[in-house]
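Trainee: This structure is in structure tokens; I'll ask about it shortly.
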Amino acid sequence: MSEYGITKSSVGRKILMALSGFFLLVFLLQHFAINMLSVISDDAFNTVSDFMGYNPLVQFALQPVLIFGVIFHLAMGMYLEFQNTKARNKKYAKNNGAANSSWMSRNMIITGVMVLLFLGLHFYDFWWHEITEKYLEGGAESFTGSGRDTTRYSHELQEKFVDIWRVIIYCLSFVFLSLHLLHGFQSAFQSVGFRHSKYTPLIKKLGTAYAIIIPAGFIFIALFHHFNH
Amino acid sequence: MAEKFIDITLKIWRQKDAKSAGKMVDYPMKKVSTDSSFLEMLDLLNEDLVNKGEEPVAFDHDCREGICGMCSLFINGEAHGPDRGVTTCQLHMRMFKNGETITIEPFRANAFPLIKDLVTDRGSFDRIIQKGGFVSVNTSGNTQDANALPIPKVDADNAFDAATCIGCGACVATCKNASAMLFVSAKVSQLALLPQGKVEATERVLNMVHQMDMEGFGNCTNTGACEVECPKGISLDNIARMNREYLKASIIAE
């Protein structure tokens with residue numbers, strides 16, 4: 001039955017799409033928790049950022065998994081969208097999608113691509129900066145712990161949010177992320193077959209809360225640093 | 001509700017055959033009874049067209065009782081029109097307003113190739129059923145008493161609900177991805193829930209999903225549009241069940 005491999009079927013691919021989505025949901029939660037520290041205490045934020053930035057397990061085991069997760073989710077998303085568009089060559093002259101489904105559920109590709117574009121800027125702002133700092137300029141010796149600046153993170157973060165246009169782009173992107181999550185969170189559970197009369201209504205409420213609270217929190221952090229510095 | 005008469009304009013997809021290019025054609029209709037069904041209204045239109053020596057509009061229909069799944073039509077942007085829980089034959093003209101323009105298109109999906117006007121070939125559903133949507137036990141002459149095999153009431157009810165799927169294809173027509181997962185999941189569920197269907201459950205789900213993919217249906221993105229437009233109210237529970245069955249089967253299958 002080799003031709004029925006899980007990556008080769010529509011049901012299998014949606015399960016993989018959901019699993020990568022779950023992984024990104026967990027990642028987003030820890031990213032949010034660490035960022036919130038920057039609002040509460042510079043010292044705490046610097047300590048955790050330095051740990052995340054130089055701990056070998058985080059850098060060489062978890063970071064590649066994350067990069068793979070992000071690339072897999074977007075590549076699979078694009079591939080499935082391509083297949084889905086191909087399944088109906090002749091479009092309807094009149095299609096009343098709003099009568100039976102939410103805007104978010106019908107436009108995951110749009111909200112997803114907007115988040116992807118944001119990731120380009122976000123990687124340029126923070127990730128590429130870290131790579132340059134650590135691997136291109138700092139070299140391997142920066143990993144030994146001696147001589148590196150462990151307090152740079154908080155003011156580097158604050159500097160990024162001085163520019164109002166960057167803050168606006170970040171805030172808009174979080175709105176798209178919220179729209180993506182409003183469908184994606186509960187949809188992932190459905191895709192892996194987790195549906196139950198007792199738990200599904202709870203999952204839907206939890207998904208709505210997650211999709212609003214986390215992006216709103218990120219918006220708060222961006223605005224906080226803009227107006228406090 | 002008292003009978004009323006309305007004037008409407010129909011915008012209907014006309015296409016001579018599979019290979020010809022089609023187009024939307026306008027047909028004004030006067031004094032249509034709000035008590036008539038949608039298909040009766042189309043019958044009146046065709047009578048007019050025949051009397052005028054024009055080619056009548058080809059559309060699928062059979063039982064006209066909402067149970068055969070033959071009538072289709074994408075009406076004003078929705079499969080089987082704006083009413084809920086009905087097929088097109090059970091849709092009535094009282095759902096429309098005087099002076100309204102009604103757009104009528106065939107079910108569109110590459111897996112439902114168009115034959116003529118509003119008629120499409122939904123044979124892909126039959127081929128999916130042929131891949132395992134049945135129980136291969138001998139039921140002639142030696143059937144045991146139905147109550148000899150205890151089945152929980154909730155399972156029997158869910159299996160029966162899934163079995164009410166009439167295979168009309170509204171789920172595919174309405175899905176933005178032209179996905180057939182609601183149909184296939186109903187056919188998988190009606191057997192997976194019962195002990196008689198357990199014997200071939202692993203192969204069934206793998207084979208039926210494989211055939212569904214071969215036919216060129218899209219992937220499910222859980223918009224839920226299929227469940228809303230389904231004339232039989234087939235639930236998304238079935239898709240979740242099929243996903244579980246598929247995951248289990250793809251792990252244990254040799």
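Trainee: Return the pair list, or none, for Cβ contacts closer than 8 Å from residues in segment A:36-47 that are among the hydroxyl-bearing types (Ser, Thr, Tyr) to residues that are open to solvent by 40 Å² or more (accessible area, probe 1.4 Å), at least 6 apart or on different chains.
Mentor: A:47/A:150
Trainee: From (1) in contact with a strand residue (DSSP E or B) (Cβ under 8 Å, 6 or more places away or on another chain); (2) more than 26 Å from residue B:66 (Cα to Cα), pick out the condition that doesn't hold for residue B:153.
Mentor: (1)
Trainee: Starting from segment A:84-105, keep only residues that are closer than 14 Å to residue B:229 by Cβ, then list their pairs with residues that are hydrophobic (A, V, I, L, M, F, W, C) and open to solvent by 80 Å² or more (accessible area, probe 1.4 Å) whose Cβ atoms are within a distance under 9 Å, requiring at least 6 positions of separation or different chains.
Mentor: The qualifying pairs are A:97/A:103.
For (1) open to solvent by 90 Å² or more (accessible area, probe 1.4 Å); (2) more than 30 Å from residue B:38 (Cβ to Cβ), each residue gets a yes or a no:
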{"position": "B:118", "(1), (2)": "no, no"}
{"position": "B:127", "(1), (2)": "yes, no"}
{"position": "B:133", "(1), (2)": "no, no"}
{"position": "B:142", "(1), (2)": "yes, yes"}
{"position": "B:150", "(1), (2)": "yes, yes"}
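Trainee: Oh, and also: Would you confirm, using the coordinates I've provided, whether residue A:195 is surrounded by 14 or more Cβ atoms within 10 Å (Cβ to Cβ) and more than 19 Å from the chain's Cα centre (by Cα)?
Mentor: On the way: surrounded by 14 or more Cβ atoms within 10 Å (Cβ to Cβ): yes; more than 19 Å from the chain's Cα centre (by Cα): yes.
The answer is yes for residue A:195.
Trainee: Could you say which residue among B:171, B:165 is in a helix (DSSP H, G or I) and at pLDDT 95 or above?
Mentor: Details: B:165 fails: in a helix (DSSP H, G or I).
None of the others qualify; the one that does is B:171.
Trainee: While we're on this one: Cβ-Cβ below 8 Å, separation at least six or inter-chain, first residue in segment A:9-28 and at the interface with another protein chain (Cβ under 7 Å from one of its Cβ atoms) and at negative phi, second open to solvent by 10 Å² or more (accessible area, probe 1.4 Å) and of a type in the set (D, E, K, R): which pairs?
Mentor: Close Cβ pairs satisfying both conditions: A:9/B:213; A:10/B:213.
Trainee: Can you name every one of the helices (runs of 4 or more DSSP H) wholly within segment B:191-254 that holds 2 or more residues which are within 7 Å of chain A (Cβ to nearest Cβ)?
Mentor: Numbers: elements: B:195-198, B:201-214, B:225-229, B:237-252.
Result: B:201-214, B:225-229, B:237-252.
Trainee: Right, another one. Can you tell me which residue is farthest from residue B:11 (Cα to Cα) among those in segment B:85-99 that are open to solvent by 20 Å² or more (accessible area, probe 1.4 Å) and in a helix (DSSP H, G or I)? Let's see the steps before the verdict.
Mentor: So the first thing to find is which residues in segment B:85-99 are open to solvent by 20 Å² or more (accessible area, probe 1.4 Å), and the list is B:85-86, B:90, B:92, B:94-95, B:97-99.
Narrowing further to those that are in a helix (DSSP H, G or I): B:90, B:94-95.
Values: B:90: 20, B:94: 18, B:95: 17 Å.
Out of the qualifying residues, it is B:90.
Trainee: Take the residues of segment A:65-96 that are open to solvent by less than 70 Å² (accessible area, probe 1.4 Å) and farther than 26 Å from residue A:16 by Cβ: which is nearest to the other protein chains (Cβ to nearest Cβ)?
Mentor: A:96
Trainee: Let me ask another. Does at least one position in segment B:49-58 carry a residue that is part of a loop (DSSP other than H, G, I, E, B), in contact with a helix residue (DSSP H, G or I) (Cβ under 8 Å, 6 or more places away or on another chain) and within 14 Å of chain A (Cβ to nearest Cβ)?
Mentor: Residues of segment B:49-58 part of a loop (DSSP other than H, G, I, E, B): B:52-58.
Of the ones still in play, those that are also in contact with a helix residue (DSSP H, G or I) (Cβ under 8 Å, 6 or more places away or on another chain) are B:55-57.
Of the ones still in play, those that are also within 14 Å of chain A (Cβ to nearest Cβ) are none.
No, segment B:49-58 contains no residue that is part of a loop (DSSP other than H, G, I, E, B), in contact with a helix residue (DSSP H, G or I) (Cβ under 8 Å, 6 or more places away or on another chain) and within 14 Å of chain A (Cβ to nearest Cβ).
Trainee: Which of (1) touching a residue at least 12 places away in the same chain (Cβ under 8 Å); (2) surrounded by 11 or more Cβ atoms within 10 Å (Cβ to Cβ) is the odd one out, the single condition residue B:46 does not satisfy?
Mentor: (1) is the only condition that residue B:46 fails.
Trainee: Condition first: over 19 Å from residue B:172 (Cβ atoms) and either open to solvent by less than 10 Å² (accessible area, probe 1.4 Å) or among the basic types (Lys, Arg) (or both). Can you find one or more residues in segment B:64-84 that meet it?
Mentor: The answer is yes; a qualifying residue exists.
Trainee: So which residues in segment B:11-48 are under 14 Å from residue B:106 (Cβ atoms), part of a strand (DSSP E or B) and of a type outside the set (Phe, Trp, Tyr)?
Mentor: Selection gives B:11, B:12, B:14, B:23, B:24, B:25.
Trainee: Any residue at all in segment A:114-134 that's out of contact with any Phe, Trp or Tyr (no Cβ under 9 Å at 6 or more places or on another chain), at the interface with chain B (Cβ under 7 Å from one of its Cβ atoms) and surrounded by 15 or more Cβ atoms within 10 Å (Cβ to Cβ)?
Mentor: The answer is no, given that none of the residues of segment A:114-134 is out of contact with any Phe, Trp or Tyr (no Cβ under 9 Å at 6 or more places or on another chain), at the interface with chain B (Cβ under 7 Å from one of its Cβ atoms) and surrounded by 15 or more Cβ atoms within 10 Å (Cβ to Cβ).
Trainee: Only one of (1) at pLDDT 95 or above; (2) out of contact with any Cys (no Cβ under 6 Å at 6 or more places or on another chain); (3) over 22 Å from residue A:80 (Cβ atoms); (4) assigned to a helix (DSSP H, G or I) fails for residue B:147. Which number is that?
Mentor: Looking at each condition in turn, residue B:147 falls short on (1).
Trainee: Quick test for you: out of A:197, A:187, pick the one residue that is within 11 Å of chain B (Cβ to nearest Cβ) and not in a helix (DSSP H, G or I).
Mentor: Details: A:187 fails: not in a helix (DSSP H, G or I).
Being within 11 Å of chain B (Cβ to nearest Cβ) and not in a helix (DSSP H, G or I) holds for just one of A:197, A:187, which is A:197.
The values are calculated or read from the model by the stated rules, or taken from the named source; none is laboratory data. Quick caveat, the model's predicted, so the values are computed rather than measured. Here the Cβ is made from the backbone with ideal geometry for all residues, glycine too, and neighbour counts use every protein chain on show. Only protein heavy atoms, including side chains, enter the accessible area calculation; ligands, DNA and RNA are left aside. Shrake-Rupley method; radii C 1.70, N 1.55, O 1.52, S 1.80 Å.
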